[in-house]
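Take a look at the structure set out below.
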């Protein structure tokens, strides 16, 4: 999430940099070393199957077990291992995410229409058959990921959803992540992480046929594995380190803005956070407030380097300039804390998910409480792609039904175009139908 040098050159009068990122690096998922290593691992697993998967599980997960699957009884009992408050919160997040997904599904309607007499066309939404979900549990177990990937897939009508999650320090799956997967409707859960997990699901090495689609966030290696496997399977999107951006004016609280920037910087030391503001006073106050909050933050060793190396504060003169700059950044998460949030909502176009007003914070979506999906595009992907939703699991399949009476108008035009292209076999399919239609008449 950074400004393109050409954009900076073309719009240098539109903003001033108050704080620049300390490092100027390509997006984490574009590291050549990551690309090469992932390619080697995928080729090895494709050639050697589960033997290679077990080797990489031992190397990366320190798990040399012969079996990776969590048995059904253990999975069903994971909720009993949790503090009751945590269990209730997980159940609430799962329910809200499913409810929002059902609302989305209800607004995706099949249809059929008659374009011309005798020419019937239509569209049906059909779910993919099987999905493989990756549930991150590295530095921090992302409990709500199961809601977004498994639960939403089940609302869409996907028959089979299997999931993989890396082992924790004790060797087993994180209990909260496992329970979130269980109540989201997972069919099978495997304690397997990283590239080897994606490959095992894509190549059909876990006792099921190869999945049709891979979903879920992960580190740079997971994102690169999805990129290289795309084509053999569908993917949701290529998500890199978590991003947050805030548009704020002089009505905003520097304390809240700083807290929300650090809330996403906490995800990892390469997580970008940006403030675009029309207020010079707020810009400097937020920089000072971030430093103050870092002093008491238990995750300062992560959020601090992220802010230092990837954080930015940009000062603009007008709200139009704020939109211009923010649409170029195209952040994964975008918060509005201004006196005119509705205007910004109407004019912004590039973001993964939007949080309107000071009462709306990204963490509510991250943990599943807002109901919206937190698997979202990063590294500028919001310029062309949306985040994961129920629609991503559905294929809008078209069909047509054409009568004899409609044939002449279609066939004669197809004959003409096909002849101009030199495609005689196409032409013949129309000519034969014209002949048969004439015989009927």
Mind checking whether some residue in segment 396-407 is closer than 26 Å to residue 239 by Cβ, modelled with pLDDT of 95 or more and outside any loop (DSSP other than H, G, I, E, B)? yes
Pairs only if they're at least six apart or on different chains, beta carbon under 7 angstrom, first in segment 11-22 and in the same structural domain as residue 309 (by TED's automatic domain parsing), second surrounded by 13 or more Cβ atoms within 10 Å (Cβ to Cβ) and part of a loop (DSSP other than H, G, I, E, B); list them, first residue then second. 21/2
Taking the conditions exactly as written (at pLDDT below 95 and either part of a helix (DSSP H, G or I) or surrounded by fewer than 21 Cβ atoms within 10 Å (Cβ to Cβ) (or both)), does residue 223 satisfy them or not? yes
Residue check for residue 381: touching a strand residue (DSSP E or B) at 6+ places or on another chain (Cβ under 8 Å) and either under 30 Å from residue 17 (Cβ atoms) or buried (at least 16 other Cβ atoms within 10 Å of the Cβ) (or both): no
Quick check on this structure: which one of 41, 35 is outside any loop (DSSP other than H, G, I, E, B) and more than 30 Å from residue 175 (Cα to Cα)? 35
Within segment 418-433, track down each residue that is within 16 Å of residue 402 (Cβ to Cβ) and buried (at least 16 other Cβ atoms within 10 Å of the Cβ). 430, 431, 433
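This table checks each residue for (1) outside the structural domain of residue 156 (by TED's automatic domain parsing); (2) under 26 Å from the mean Cα position of the chain (by Cα); (3) farther than 30 Å from residue 159 by Cβ.
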site: 377; (1), (2), (3): yes, yes, no
site: 380; (1), (2), (3): yes, yes, yes
site: 385; (1), (2), (3): yes, yes, no
site: 410; (1), (2), (3): yes, no, yes
site: 415; (1), (2), (3): yes, no, yes
site: 419; (1), (2), (3): yes, no, yes
site: 426; (1), (2), (3): yes, no, yes
site: 429; (1), (2), (3): yes, no, yes
site: 434; (1), (2), (3): yes, no, yes
Name the residue, out of 75, 115, 108, that is touching a strand residue (DSSP E or B) at 6+ places or on another chain (Cβ under 8 Å), in the same structural domain as residue 225 (by TED's automatic domain parsing) and assigned to a loop (DSSP other than H, G, I, E, B). 108
Does any residue in segment 404-416 that is over 14 Å from residue 427 (Cα atoms) come within less than 7 Å, Cβ to Cβ, of a residue that is in a helix (DSSP H, G or I) six or more places away or on a different chain, and which pairs are these? 404/437; 404/440
What number of residues within segment 338-347 satisfy the criterion of being in contact (Cβ under 8 Å) with a residue 60 or more places away in the chain and buried (at least 17 other Cβ atoms within 10 Å of the Cβ)? 2
Would you be able to tell me the number of residues in segment 233-263 that are modelled with pLDDT under 95 and either assigned to a helix (DSSP H, G or I) or surrounded by fewer than 24 Cβ atoms within 10 Å (Cβ to Cβ) (or both)? 2
One residue from 47, 85 being at pLDDT 95 or above, within 15 Å of residue 175 (Cα to Cα) and either part of a helix (DSSP H, G or I) or not assigned by TED's automatic domain parsing to the domain that holds residue 211 (or both): 85
Within segment 349-359, take every residue that is buried (at least 17 other Cβ atoms within 10 Å of the Cβ) and more than 15 Å from the chain's Cα centre (by Cα) and give me the one that is nearest to residue 146 (Cα to Cα). 355
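The values are calculated or read from the model by the stated rules, or taken from the named source; none is laboratory data. Nothing here was measured: the structure is a model prediction, and the numbers come from that model. Note that each Cβ is placed from the backbone with ideal geometry, even for glycine, and that neighbours are counted across all protein chains shown.
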